[in-house]
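Notes for the one structure printed next.
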Amino acid sequence: MSKIPNGYEIIQAFESFSPKKLAVEGDKIGLQIGTLNKKVENVMVTLDVLESVVDEAIAKKVDLIIAHHPPIFRPLPNVTPDSAAGRIVTKCIQHNIAVYVAHTNLDVASGGVNDLLASALQLQNTKVLSPTTEDKLKKLVVFVPLSHVEEVRDAISSAGAGFIGNYSHCTFNIEGEGTFKPLAGTNPYIGAVNELETVQEKRIETIIPTSIEKKVISAMMKAHPYEEVAYDIYELENKGEVLGLGRIGTLQNTMTLLDFAQYVKEKLEVDNVRVVGPHNAVIEKVAVLGGDGNKYIYDAKFAGADVYVTGDVYFHVAHDAMALGLHIVDAGHYAEKIMKKGVEEKLAQFASKNKWNVQIAISTTNTDPFTFV
């Protein structure tokens, strides 16, 4: 049976995909307007929160807006109808619309903005362009009676444990003898109070990323029959998944810079791009970073990119790129609109899994401030 979720449930699920801890320091993320302590029947995903977007949300009876760009990026001196920011906040409060922001954490997240851009450009063998964090690995060891080995192993594997490269459900298992004596006040699954019990058990070992440790432990506890589960967690030196800003990969086929610029327009659905570099240059290795990518031209060059796809490139930064021999295709900041469909699909997956009765819509308001004449 389906149910109407509250705002906290939706955001908790969303943050399992795009956790706040991935955001760069000082970024303005999280709940910015309203409350999550309410039932949410309609969610709208948008790149920006302009007054026109809020008007669209009001018309669609939206309860929660999930945005990429924060409507409140600097402290507001006041909230009055005399300013655009004041009208946005006022309208949201009046119509009980909560606004939640996932900015650089959504850029960094696996499957987030930069992965969506790289996927749209059909880049192969992609890697992180500018690492910001590593999801460190730990080893989980749990002791399970033979009757529940498969159940516990499946539970922790389904929760995300045991991934090594492109292999899943990786565990090591060895059988042995476990002993315990249930004391007064216990309710043992096996054995009797004040009697020493010997049980055939299996030791299951597997690897877990730190980011999902609590999720895996919770799944293990639910599947394990014992009242008190015996398990150990060890920190490992093994390299975990590296996360960060931007992606770099290779094209399926080489093309000229001019052809690649047309390709970017088509794949990212933008009307115009700016190009830095000779149009006949051969392009194979591509770096991409959504939004303002001025700071990362050296990362792109040192990673071996032939061309760097980003937005908001400054005049002098373009000169610096030319001096480096790095070509640029500036697709504009609005290319990040790709996140609307990606986030909508992710939320739909969460809704289906949790049997939520919630409608998820993509904002149709064009928030690109630029036109070309």
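If the condition is being open to solvent by 40 Å² or more (accessible area, probe 1.4 Å) and either of a type in the set (Phe, Trp, Tyr) or closer than 18 Å to residue 232 by Cα (or both), then segment 196-206 contributes 202, 203. On the stretch given as segment 44-76, residues that are of a type in the set (Val, Ile, Thr) and surrounded by fewer than 22 Cβ atoms within 10 Å (Cβ to Cβ) total 2. The single residue among 343, 329 that is part of a helix (DSSP H, G or I), crowded, with 16+ Cβ neighbours inside 10 Å, modelled with pLDDT of 95 or more and touching a Ser or Thr at 6+ places or on another chain (Cβ under 9 Å) turns out to be 343. Scanning segment 164-190 for residues that are under 27 Å from the mean Cα position of the chain (by Cα) and either loosely packed, with under 11 Cβ neighbours inside 10 Å or over 30 Å from residue 13 (Cα atoms) (or both) yields 165, 166, 167.
Listed by position, the helices (runs of 4 or more DSSP H) contained in segment 87-170 that have at least 2 residues being more than 25 Å from residue 27 (Cα to Cα) and of a type in the set (A, V, I, L, M, F, W, C) are 149-158.
Candidates are the residues of segment 1-28 that are farther than 24 Å from residue 244 by Cβ and small (Gly, Ala, Ser); the one that is surrounded by the fewest Cβ atoms within 10 Å (Cβ to Cβ) is 2.
Here segment 119-139 is the region considered, the condition is being basic (Lys, Arg) and under 19 Å from residue 236 (Cβ atoms), and the residue that is most open to solvent (accessible area, probe 1.4 Å) is 136.
Screening the candidates 96, 105 for the property of being exposed (fewer than 14 other Cβ atoms within 10 Å of the Cβ) and not small (Gly, Ala, Ser) yields one hit, 96. Filter segment 346-373 for residues that are under 21 Å from the mean Cα position of the chain (by Cα) and either over 20 Å from residue 56 (Cα atoms) or without any contact (Cβ under 8 Å) to a residue 60 or more places away in the chain (or both) and give the result. Answer for segment 346-373, where residues must be under 21 Å from the mean Cα position of the chain (by Cα) and either over 20 Å from residue 56 (Cα atoms) or without any contact (Cβ under 8 Å) to a residue 60 or more places away in the chain (or both): 346, 348, 349, 350, 351, 352, 353, 354, 356. When segment 142-160 is filtered for residues that are open to solvent by 20 Å² or more (accessible area, probe 1.4 Å), under 13 Å from residue 171 (Cβ atoms) and of a type in the set (S, T, N, Q), only 158 remains. Among the residues in segment 217-233, are any in contact with an Asp or Glu (Cβ under 6 Å, 6 or more places away or on another chain), open to solvent by 40 Å² or more (accessible area, probe 1.4 Å) and basic (Lys, Arg)? No, because not a single residue in segment 217-233 is in contact with an Asp or Glu (Cβ under 6 Å, 6 or more places away or on another chain), open to solvent by 40 Å² or more (accessible area, probe 1.4 Å) and basic (Lys, Arg).
Scanning segment 1-18 for residues that are in contact with a helix residue (DSSP H, G or I) (Cβ under 9 Å, 6 or more places away or on another chain), at pLDDT 95 or above, under 30 Å from residue 130 (Cα atoms) and not hydroxyl-bearing (Ser, Thr, Tyr) turns up 10, 13, 14, 15.
Would it be correct to say that residue 193 is part of a loop (DSSP other than H, G, I, E, B), open to solvent by less than 70 Å² (accessible area, probe 1.4 Å), at pLDDT 95 or above and farther than 25 Å from residue 241 by Cα? Answer is no for this residue.
The rows are residues; the columns are (1) open to solvent by 80 Å² or more (accessible area, probe 1.4 Å); (2) touching a strand residue (DSSP E or B) at 6+ places or on another chain (Cβ under 7 Å).
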{"site": "210", "(1), (2)": "no, yes"}
{"site": "246", "(1), (2)": "no, yes"}
{"site": "253", "(1), (2)": "yes, no"}
{"site": "256", "(1), (2)": "no, yes"}
{"site": "265", "(1), (2)": "no, no"}
{"site": "268", "(1), (2)": "no, no"}
{"site": "274", "(1), (2)": "yes, yes"}
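Does residue 102 satisfy the criteria of being small (Gly, Ala, Ser) and in contact (Cβ under 8 Å) with a residue 24 or more places away in the chain? Spelling it out, residue 102 is indeed small (Gly, Ala, Ser) and in contact (Cβ under 8 Å) with a residue 24 or more places away in the chain.
The values are calculated or read from the model by the stated rules, or taken from the named source; none is laboratory data. Nothing here was measured: the structure is a model prediction, and the numbers come from that model. Every residue, glycine as well, gets a Cβ built from its backbone with ideal geometry; the counts of neighbours run over all protein chains shown. Ligands, DNA and RNA are stripped out before the accessible areas are found, and what is left, the full protein with its side chains, is counted by its heavy atoms. Shrake-Rupley method; radii C 1.70, N 1.55, O 1.52, S 1.80 Å.
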